[in-house]
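Let me begin by presenting the structure, written as structure tokens, before commenting on it.
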Amino acid sequence: MQRTIFTEEHEQFRKMVRDFIEREVAPHREEWDEAGHPPREFFHRLGELGILGVQVPEEYGGGGESSFKYNTIVFEEVSRAGVSFGAYTVHTCLILPYLLEYATEEQKKRWLPGFADGSIMTAIAMTEPGTGSDLANIATSAKLSEDGTHYIVNGAKTFITGGATADLVLTVCRTSPFDPENRRGGLSIIAVPTASEGFAVGRKLDKIGLHAQDTAELSYTDVKVPVENLLGEEGKGFEYLTHNLPQERISIALNQVGFAEAAIAHAIAYTKERKVFGKPVASFQNTKFVLAECSAETQAARVYVDHCLELLDRRELTVADAARAKLFCTEVAGRVIDKCLQLHGGYGYITEYPIARLYADTRVTRIYGGTSEVMKTIISKDLGL
């Protein structure tokens, strides 16, 4: 399918990313899966290549690009190659908007150069053992010290992507008591250095898929954090989280269309080579029809998500439209990858085959970033229902 959203400069960036993956990432896929995350040097290398800091302003050591299309190219190339960039997406696509929008000039000077060169890796801690999609229920507390110089943070977080490898964790805390009349009030975002006394990484969670992307439990026990690490204004955390949801959700949608495209490519290659009853599997009408269905759905998702990408770059992507994109693209990817695995027969269930890894990796996308059910709720409200 012909696409018109990328320029020659974008394609040069794509070639650089593809070459880097082939030389320095693909040979280590199994090793990083077993370790649970890429080595620290990998993130430094992403920094050297300018991949981490594409959207960081030039004055802080970044590339100064405003477009999200460079991030999209990384998603597509990672999906195509069947590799993992670890917590790259969280670092560059989820965290950076918070820092650019709400950090003070002093905070930007302190954090963004390291963000761009890979010496300061970041994560965001929202989910708690008793709080999933209902963020207004967050219980982790941050109380101001008597002298007003520090917050004292106590609580626990779970399902934190990049939590085990981060240097700085944007932690959603309750800075004022819970008010049942205003459940979303009293939340703030505090940047907690992981070297702080009382901060600890707990279990590294053993997941079905995404094995090279660490997911951890975090605990905070009387962690002292300077008041200078408050992001934005106290009590506006929920508002900030809502503001940044469209980019988070379109990131997931873009990633999943790349997964679906990769699954189709794997299924075509496999069915052309695999023979049944003396004929290639690809020669049977059922195979052709299944792949035709997959192609039609995936191309529809691609056109839609490319349109949403343009809206994002123009800062016109709404929360409801991002929810539509996430719902549609993750559901399409789930269906397409399942059908493509079926065409592999028993080999589709063997993890040495890329389709098996895609199947395992894609399932969580209908859960994280807001479940499909939450997306439907947002869309129905937008319809006035």
Among Gly278, Gly163, Gly63, residue whose mean-square fluctuation peaks in a GNM of the chain (springs only between Cα atoms under 10 Å): Gly278
Span-rule helices in the chain, defined as complete DSSP H runs reaching 27 Å or more along the axis (Cα) with Kyte mean at least -1.0: 237-273, 285-313, 319-343
Distant-in-sequence amide H partners of His150 (H built 1.01 Å from N, under 5 Å): Ser145, Val227
Lys, Arg +1 and Asp, Glu -1 on Cβ, resulting dipole of the stretch 250-381 about Cα centre, debye, nearest 20: 320
Peptides ranked, highest mean first, by Cβ atoms within 10 Å: ranges 117-123, 223-229: 117-123, 223-229
Residue list for the stretch 20-61, given a label point 7 angstrom along the Cα-to-Cβ vector of Ile350 and an amide N cut-off under 18 Å: 30
Per residue accessible area in Å² of the stretch 168-298, where ligands, DNA and RNA are left out and the probe is 1.4 Å: 47
Candidate lysines - alpha carbon under 20 Å from Lys376, same-chain residues fewer than 8 apart omitted: Lys326
Over the chain, relative contact order from alpha-carbon pairs under 8 Å, at least 6 apart, %: 15
Of all accessible heavy-atom area on the stretch 109-243, the percent that carbon and sulfur account for (1.4 Å): 51
Sequence-distant residues sharing a close amide H with Glu128 (under 5 Å, placed H): Thr158
Extension reserve of the Val303-Glu316 stretch, reckoned as 0.36 nm per residue once the Cα distance is removed: 3.0 nm
Alpha carbon centroid spacing (whole Å) that separates the stretch 95-127 from the stretch 239-309: 33
Sum of side-chain charges, Phe6 neighbourhood, beta-carbon under 11 Å (Lys, Arg +1; Asp, Glu -1): -2
For Ala216, residues with placed amide H under 5 Å, excluding near neighbours: Phe159, Ile160, Thr161, Gly162, Gly163, Ala164, Leu205
Paramagnetic reach from Asn154 (point 7 Å along Cα→Cβ, amide N under 18 Å) across the stretch 209-239: 218-226
FRET E, pair Ser283, Gln342, Förster distance 25 Å, beta-carbon r, rounded to 0.05: 0.90
Label-reachable residues, the stretch 142-161, where backbone N falls under 20 Å from a point 7 Å from Asp179's Cα toward its Cβ: 142-144
Most positive-pole-ward Cα, Phe289, Gly258, Val78, against dipole of the chain from beta carbon charges: Phe289
Assigned charges on the beta-carbon of Lys, Arg, Asp, Glu; the chain dipole about Cα centre (debye): 1480
Relative contact order [Cα under 8 Å, 6+ residues apart], the stretch 261-385, whole percent: 29
Choice from Val290, Val56, Val319 with maximal GNM fluctuation in the chain (Cα, 10 Å cutoff): Val290
From phi via Karplus (6.51, -1.76, 1.60), per-residue ³J(HN,Hα) for the stretch 91-98 in Hz, x at Gly/Pro: 4, 8, 9, 9, 6, 3, x, 5
Rough spin-label spacing in nm, given labels placed 7 Å along Cα→Cβ, for Leu385 and Ala269: 4.1
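The values are calculated or read from the model by the stated rules, or taken from the named source; none is laboratory data. Predicted model only: the values in this text are computed from it and were never measured. Heads up, the Cβs are rebuilt from the backbone with ideal geometry, glycines too, and the neighbour counts pull from every protein chain shown. Surface accessibility is based on the protein's heavy atoms, side chains included, excluding ligands, DNA and RNA. Shrake-Rupley method; radii C 1.70, N 1.55, O 1.52, S 1.80 Å.
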